[in-house]
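The values are calculated or read from the model by the stated rules, or taken from the named source; none is laboratory data. Quick caveat, the model's predicted, so the values are computed rather than measured. Cβ: placed from backbone, ideal geometry, glycine included. Neighbour counts: every protein chain shown. What goes into the accessible areas is simple: the full protein's heavy atoms, side chains included, and nothing from ligands, DNA or RNA. Shrake-Rupley method; radii C 1.70, N 1.55, O 1.52, S 1.80 Å.
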Amino acid sequence: MTTPASSPLQALARIRPDVRAMHSYVVQPSTGMLKMDAMENPFRLPAHLQAALGQRLGAVALNRYPGDRIADLKAALAQHAGMPEGYGIVLGNGSDELITLLALACAQPGTGQRATMLAPMPGFVMYPLSAQLQGLDFVGVPLTPDFELDEPALLAAIEQHRPAITYIAYPNNPTATLWDEGAVQRIIDAAGAQGGIVVMDEAYQPFASRTFIDRMRAEPARNAHVLLMRTLSKFGLAGVRLGYLIGPSAFVSEIDKVRPPYNVSVLNCEAALFALEHAEVFAAQAADIRAERTTLIAALRQMPGVEKCWDSEANMVLIRVADSAKAYEGMKNRKVLVKNVSTMHPLLANCLRLTVGNAEDNAQMLAALQASL
């Protein structure tokens, strides 16, 4: 008896059609390039801290699953963030995994009624992608042409769609906007009145002038449905992949149920603990980046061909030029990678997103931009 030959194409048909229609997340090759497209910290650890971290990681028990040190890391993050009393923490492999866990926890499979996720747009691409993959409907509410919150539109959308999850990126990616605190609170109140959860995504908090955790601490009852999400990527540990979600313990314990066991490795855990023990080093780096941001924005606003340069509360700057594709390719040919965000949303037409680096990197990026306009 012969066995019928199998076909890879037949097996591929088992993959969801919407997944087959998707494009993978592509990281641009960057060998030999100045990488200014991913909002990474330009500073490496000082040599003495590199040696100390290497010795520490070398002593980690790689033969064991993560254990009590995870609890130590949660305690260190709680102290670092100023976590309110009665709150808890969920750890993720970057904030991307936390977005997935939230969608998983709030999806309603088999009920005949899909949950909804809502966010201002343009915003972080992982919000709509996570909604799609986990079976939630996504509602994107456009910002104003100057990338402020359209408060009336957001309030109307919350009333109409009653979202299970509303994301407020604070500051926003890719616009680097830190929205009006009063407007944000009114949107949070409206979502809460509909029985929804609000996630304050503070990935870029080290570069912002304020944090919403102060409001959560000052008005815990009013913000009892608010979760605060952060990542150590912008703190200076993009390679470590560690995000954390802070919220009332009752919320956090439910979300933690869908977290894969051992999702944070012993090496990531120990590296994060080490960094938090030397938080002053990273705070000084963030201060340098904020100072460089001021200089960079001033130079961009004086550059012929830059039609608009927006204010920034993150380690990125959004600009508009006459032809973003031409400028992007010109910079790439000059060995500088930036992000052409013009196809992400109609409001971003001919926009480029530039990472704020150190003085040398910023000067090289500016020279490449000027030559490419």
Can you find a residue in the stretch 70-77 that is assigned to a loop (DSSP other than H, G, I, E, B), touching a residue at least 60 places away in the same chain (Cβ under 8 Å) and surrounded by fewer than 16 Cβ atoms within 10 Å (Cβ to Cβ)?
-> no
Scan the stretch 219-244 residue by residue and report those that are of a type in the set (A, V, I, L, M, F, W, C) and farther than 19 Å from Leu49 by Cβ.
-> Ala221, Ala224, Val226, Leu227, Leu228, Met229
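Results for (1) assigned to a strand (DSSP E or B); (2) loosely packed, with under 14 Cβ neighbours inside 10 Å, shown as yes or no for each residue.
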{"site": "Ala283", "(1), (2)": "no, yes"}
{"site": "Leu300", "(1), (2)": "no, no"}
{"site": "Val317", "(1), (2)": "yes, no"}
{"site": "Arg320", "(1), (2)": "yes, no"}
{"site": "Ala327", "(1), (2)": "no, no"}
{"site": "Lys332", "(1), (2)": "no, no"}
{"site": "Met365", "(1), (2)": "no, no"}
{"site": "Leu369", "(1), (2)": "no, no"}
Residue, nearest to Ser253 (Cα to Cα), within the stretch 59-81, restricted to residues that are among the charged types (D, E, K, R) and under 27 Å from the mean Cα position of the chain (by Cα) | Lys74
Kindly indicate whether Leu354 is in contact (Cβ under 8 Å) with a residue 12 or more places away in the chain and either surrounded by fewer than 22 Cβ atoms within 10 Å (Cβ to Cβ) or in a helix (DSSP H, G or I) (or both).
-> no
Can you spot a residue in the stretch 174-190 that is touching a helix residue (DSSP H, G or I) at 6+ places or on another chain (Cβ under 8 Å), open to solvent by 20 Å² or more (accessible area, probe 1.4 Å), in a loop (DSSP other than H, G, I, E, B) and touching a residue at least 12 places away in the same chain (Cβ under 8 Å)?
-> no
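In the stretch 233-251, how many residues are outside any helix (DSSP H, G or I) and more than 15 Å from Ile99 (Cα to Cα)? Break it down stepwise before answering.
Applying the first criterion (outside any helix (DSSP H, G or I)) to the stretch 233-251 yields 238-248.
Narrowing further to those that are more than 15 Å from Ile99 (Cα to Cα): 238-240, 248.
Count: 4.
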Exactly one of (1) touching a residue at least 12 places away in the same chain (Cβ under 8 Å); (2) over 18 Å from Gly123 (Cβ atoms); (3) not in a loop (DSSP other than H, G, I, E, B) is unmet by Asp214. Its number?
-> (1)
Give the residue, chosen from Gln108, Gln55, Gln113, that is under 18 Å from Leu267 (Cα atoms), over 24 Å from the mean Cα position of the chain (by Cα) and polar (S, T, N, Q).
-> Gln55
What about Val258, is it crowded, with 19+ Cβ neighbours inside 10 Å and part of a loop (DSSP other than H, G, I, E, B)?
-> no
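In the stretch 26-60, how many residues are in contact (Cβ under 8 Å) with a residue 24 or more places away in the chain and exposed (fewer than 11 other Cβ atoms within 10 Å of the Cβ)?
The number of residues fulfilling the criteria is 1.
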So which residues in the stretch 334-351 are open to solvent by less than 10 Å² (accessible area, probe 1.4 Å) and part of a loop (DSSP other than H, G, I, E, B)?
-> Val338, Val341
Among the residues of the stretch 114-158, write down those that are assigned to a loop (DSSP other than H, G, I, E, B) and surrounded by fewer than 17 Cβ atoms within 10 Å (Cβ to Cβ).
-> Arg114, Val125, Gly135, Thr144, Pro145, Asp146, Glu148, Asp150
Does any residue in the stretch 296-314 that is of a type in the set (Lys, Arg) come within less than 7 Å, Cβ to Cβ, of a residue that is open to solvent by less than 60 Å² (accessible area, probe 1.4 Å) six or more places away or on a different chain, and which pairs are these?
-> Arg301/Cys309; Lys308/Ile319; Lys308/Arg320
